[in-house]
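Q: Dropping the structure in here first, questions after.
The values are calculated or read from the model by the stated rules, or taken from the named source; none is laboratory data. What you see is a predicted model; the values in this text were computed from it and never measured. So basically every Cβ, Gly included, is an ideal-geometry build from the backbone, and we count neighbours across all protein chains shown.
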């Protein structure tokens with residue numbers, strides 16, 4: 001019998017004081033028209049930290065030292081539809097130190113890029129990311145968040 005599998009992804013909340021860097025998703029087939037933090041799937045043989053570093057460079061053209069990434073939470077989530085691609089483990093990091101100027105590096109996948117105050121985030125936000133962003137300012141997040149399970 002095959003073991004159950006989940007899809008791992010890495011997310012990075014790039015912070016500039018009270019502001020966070022967000023991309024407007026477009027033409028990806030997932031949550032297009034929603035604002036999101038730079039993120040992507042962890043590739044085979046790659047750590048979540050390495051994926052976070054890679055995704056920042058690929059999506060917004062900035063470089064970060066892995067030591068500058070701060071793990072804030074992991075989220076085990078599902079949409080509850082039984083589709084294996086819908087079972088996820090997301091690793092959320094923050095950083096306030098990087099080199100380069102944030103730029104849309106994949107214009108075919110992003111229609112906007114901007115800095116937004118945690119007190120005035122754009123709408124709509126990818127829902128599971130909104131949950132993490134909404135908790136960043138007010139409180140420490142639990143080590144693991146579970147979403148979508150009974």
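The rows are residues; the columns are (1) modelled with pLDDT of 95 or more; (2) touching a helix residue (DSSP H, G or I) at 6+ places or on another chain (Cβ under 6 Å); (3) not in a loop (DSSP other than H, G, I, E, B).
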{"residue": "81", "(1), (2), (3)": "no, no, no"}
{"residue": "85", "(1), (2), (3)": "no, no, yes"}
{"residue": "93", "(1), (2), (3)": "yes, yes, yes"}
{"residue": "108", "(1), (2), (3)": "yes, no, no"}
{"residue": "123", "(1), (2), (3)": "yes, no, no"}
{"residue": "131", "(1), (2), (3)": "no, no, yes"}
{"residue": "142", "(1), (2), (3)": "no, no, no"}
{"residue": "150", "(1), (2), (3)": "no, no, no"}
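Q: For the stretch 16-43, name all the residues that are over 20 Å from residue 126 (Cα atoms) and modelled with pLDDT under 95.
A: Step one: filter the stretch 16-43 for residues over 20 Å from residue 126 (Cα atoms), giving 16-17, 43.
If the condition is that a residue be over 20 Å from residue 126 (Cα atoms) and modelled with pLDDT under 95, then 17 is the only one that fits.
Q: Filter the stretch 40-52 down to residues that are touching a helix residue (DSSP H, G or I) at 6+ places or on another chain (Cβ under 6 Å) and either within 17 Å of residue 6 (Cβ to Cβ) or part of a loop (DSSP other than H, G, I, E, B) (or both), then give me how many there are.
A: Count: 2.
Q: Determine if the stretch 3-14 includes at least one residue that is outside any loop (DSSP other than H, G, I, E, B), surrounded by fewer than 16 Cβ atoms within 10 Å (Cβ to Cβ) and either touching a residue at least 60 places away in the same chain (Cβ under 8 Å) or over 16 Å from the mean Cα position of the chain (by Cα) (or both).
A: Checked against the condition, which is being outside any loop (DSSP other than H, G, I, E, B), surrounded by fewer than 16 Cβ atoms within 10 Å (Cβ to Cβ) and either touching a residue at least 60 places away in the same chain (Cβ under 8 Å) or over 16 Å from the mean Cα position of the chain (by Cα) (or both), the stretch 3-14 yields at least one hit.
Q: Within the set of pairs 6+ apart or on separate chains, which have a first residue in the stretch 138-150 that is at positive phi, a second that is at pLDDT 85 or above, and C-beta atoms under 8 Å apart?
A: Final answer for the pair search is 148/77; 148/78.
Q: Anything in the stretch 26-42 that is touching a residue at least 12 places away in the same chain (Cβ under 8 Å) and more than 13 Å from residue 129 (Cα to Cα)? List them, or say none.
A: Across the stretch 26-42, the qualifying residues are 26, 27, 28, 33, 41, 42.
Q: If the Cβ limit is 6 Å and pairs must be 6+ apart or interchain, which residue in the stretch 111-123 that is under 9 Å from residue 22 (Cα atoms) pairs with which residue that is in a loop (DSSP other than H, G, I, E, B)?
A: Going by the 6 Å Cβ cut-off, the qualifying pairs are 113/104; 116/122.
Q: For the stretch 95-106, give me each residue that is surrounded by 13 or more Cβ atoms within 10 Å (Cβ to Cβ) and part of a strand (DSSP E or B).
A: The one that is surrounded by 13 or more Cβ atoms within 10 Å (Cβ to Cβ) and part of a strand (DSSP E or B): 95.
Q: Being part of a helix (DSSP H, G or I), in contact with a strand residue (DSSP E or B) (Cβ under 6 Å, 6 or more places away or on another chain), in contact (Cβ under 8 Å) with a residue 24 or more places away in the chain and closer than 22 Å to residue 28 by Cα is the requirement here; does residue 55 meet it?
A: Details: part of a helix (DSSP H, G or I): yes; in contact with a strand residue (DSSP E or B) (Cβ under 6 Å, 6 or more places away or on another chain): yes; in contact (Cβ under 8 Å) with a residue 24 or more places away in the chain: yes; closer than 22 Å to residue 28 by Cα: yes.
Taking the combined requirement at face value, the residue satisfies it.
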